[in-house]
1. What is segment 33-139 by shape, rounded, prolate or oblate, if you read a ≥ b ≥ c off the alpha carbon gyration tensor as root eigenvalues and call it rounded for a/c under 1.5, prolate for a/b larger than b/c, and oblate otherwise?
2. If packing is taken as the average count of other Cβ atoms within 10 Å, what order do 40-52, 113-125, 417-429 fall into, highest mean first?
3. Pull up the DSSP beta bridges for the chain and report the antiparallel fraction as a percent, rounded to 5.
4. Taking amide hydrogens as modeled 1.01 Å from N in the peptide plane, which residues meet the under 5 Å criterion relative to Leu647, leaving out close sequence neighbours?
5. Roughly how many Å is it from the Cα centre of segment 513-538 to that of segment 613-673, as a whole number?
6. With an 8 Å cut-off on Cα pairs and a minimum separation of 6 or more residues, tell me the relative contact order of the chain in percent.
7. Cα centroid distance between segment 422-445 and segment 710-784, in Å?
8. Rounded to the nearest Å, what's the spacing between the alpha carbon centres of segment 355-409 and segment 481-506? Just the number, please.
Amino acid sequence: MMVGDFAGEGDLIQLITDDEEDDQSELESYSNEIPILSVRNTVLFPGVVIPITVGRQRSIKLVKKAHKGDKMIGVCAQVNPNNDDPSWEDIYQVGTIAKIIKMIVLPDGNTTIIIQGKKRFEITEQVTEDPYFQAKVEYLEESFPEGNKEIQALEESLKDAAGKILTLNPEIPREAQVALDNIDSTAFLTHFLSSNINAPVEAKQRLLEINDGLERATLLLEFMMRDIQMLELKSEIHKKVHTDIDQQQRDYFLRQQMKVLQTELGEEGPEKEVEELRIKGRKKKWPKSVAAHFDKELDKILRINPSAAEYPIALNYAELMVELPWGEFTKDNFDLKRAKDILDKDHHGLEKVKDRIIEYLAVLKLKNDLKGPILCLYGPPGVGKTSLGKSVAKALGRKYVRMSLGGLHDEAEIRGHRKTYVGAMPGKIIQNMKKVHTSNPVYVLDEIDKLNSDFRGDPSSAFLEVLDPEQNSSFVDNYLEVEYDLSKVLFIATANSLETIQPALRDRMEIIEVTGYTLEEKVEIAKKHLVPKQRKEHGLTGKDITFDKAALVRVVEGYTRESGVRSLERQIGTIIRNVAKSIAMEEEYQKKITPLMVRKILGGEIFDKEMYQDNSVAGVVTGLAWTSVGGEILFVESALSKGKGKLTLSGQLGDVMKESAMTAISYLRSKADELEIDHRIFDQYDLHIHVPAGAVPKDGPSAGITMLTALASVYTQRKVRAKLAMTGEITLRGKVMPVGGIKEKILAAKRAGINEIILCKRNQKDIEEIDEAYVKGVKFHFVDMVSEVLEIALMDEKVKNAINFSFHKEETKVEA
């Protein structure tokens, strides 16, 4: 009756046949020792005809032999249908003897047999398993009083229940009702319905094992009533959820059916997941608008079919919302002395940056509420900008997050994708907030000057909202769709160049310049940080190797030329590896590294240090320059030769330096009488200005007073004071203007042996910021006018045996 109930070793389909009930009055004699066929997913009852597909070799042998003989076999159900090689313990001990009505051998090698159940039996002795099961059995009789009123009532109830099932289940063919009407025997009716009810094998086996017909019929009726209840419940759900069925309504109906089935089976459905998320959501410290949005999303999940593609997307979104740290903050450590100690210990120098962090902490301590500032550490590579962010996090007691922006060109990396896109994800900002589980981390945005833009958007514009203290309290990620507060985050951006940062973005950040380290600072960093770090990385201790200070100075001056300390660390690592090799090979070595050993291990010096040269001739002046790797001294040389006033500039000078030279010449022309310069020299002598080294490009206004002094010296033939250097910009009126990079320039001058320096008076404030130890022994002249520079720089006596100027007499043309 229940078409579609799969059983047997292959697919077994229950049949309604014209082969009516077994004639119980016919007395047959069956053997007490019979072959046993184990079947899966079905139980054979007396009188019922079923087909079975036989695939196992043991079963095929049994069937073929039985078909050639008396065609009688015993059929027992398997306890575990998934067992392909059952033993005696894996089959039920009560089964049904059956007659093979027909056998069909299929082309694929499988054999299908049609059998009819005859009589129940119980296995009393297991004879053999090879080549197939053979057992001794005892046939079971059953008591089934015919004509009893109770039996008649049960029979009617069974037929009514079967009729109702036929009505409620449209999948069962209508011919089943005809077969039911033609069954007169209560015993066969019980067997027939038991074989076809929608129940597990265990339940059907239980019915087969009952000897009392009345008890079996009663239990069968109980099973059928449960089936009716389930079918009625399905029908009720069907009526509730369907009027005109479209695809969405159909999906909802199927989900409701699944929900009822899961409830009946005690299995967990999506409701449990949603309820767990709802409980987590109640614990979140989020705004009411976000809570309402979250509840709405959970309700939406309940309306989606779990097998639909939208279901995992909606579930992932809800999980992201509860995993974000809404209003969760780490407690800041307001011990300012401890914070200063940590910053000093981790980084040598960088006083401005450290002071700014301490200021931030001080205000936060007093006010206990401060929007996170947007700091941008600007400076050359290797000076410790990124590692400074880590130290700040440690000092504050906050979590640390780093996001590398180099080459980032997709705006969605910042703002996220919209949920409707395939593979949508939140932006990196929200992802990292979820990762650190706090809403006030120290967030380092590394290489913000290297953001790119293309057809996928402009990430630097996306950062405008993130890095604006007035807007980031309501930052909206495209994926998250609701406002998230970033105002408590301490953003620290790093950049090597400010020119490539979008002006609007640069305006939102507080720029703090991290200049290159001086020689003295590099030596201290090497001593306190780099040497111990490299020793540890190479498995050595302080007992194995130490560095002489002079050796570190030699490494810094001769083998590195950079603002940072990365190259310095590599060179120190090379020296320590050389020592590690000697230790590993048990060779003798010198534990203290000296300048001589540095040269032996690293080879000849790569870079030469510019030293002050004796300028015994007029026209040579020592200037000061700033480079990306620190300060340098440079020499401006000038020479005169007879000619027609031609000017030659050499040494790869930039436009600004060329303009400084032109300005100096114009000024000297205008002040020739005051400086005792014969004006004819400008027209009758060619001037050549050269700045070594010629292969290095040079530019900037800092060499203005240096060039003017060199020209004044060569034009007046007065030497420049010994061990004097200068830097400053000039104007056509003779004013001296301030320039930058003073700290690096002064340290370079001191290293080169300079003991007097001329600066603009407005640069005096820069000197005050430099540690006294670095400027000790250097005399400073602060000036406002070029005349003061020349008064200080030029000596009174002229150079002997220098140029003997000779001028052409001016011809007077007389017109008649």
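1. rounded
2. On the way: 40-52: 23.7, 113-125: 19.4, 417-429: 16.2.
Sorting 40-52, 113-125, 417-429 by mean packing, highest first, produces 40-52, 113-125, 417-429.
3. 55
4. Counting only residues 5 or more places away or on other chains, the set is Leu687.
5. Cα centroid of segment 513-538 versus Cα centroid of segment 613-673: 37 Å apart.
6. Worked out over the chain, it gives 7 percent.
7. Result: 50 Å between the Cα centres.
8. Here the two parts' Cα centres lie 12 Å apart.
Every number in this text was worked out from the coordinates using simple rules, so none of it is lab data. Only a predicted model underlies this, so the values are computations on that prediction, with no experimental measurement involved. All Cβ positions, even for glycine, are placed from backbone atoms using ideal geometry, and neighbour counts span all protein chains on display.
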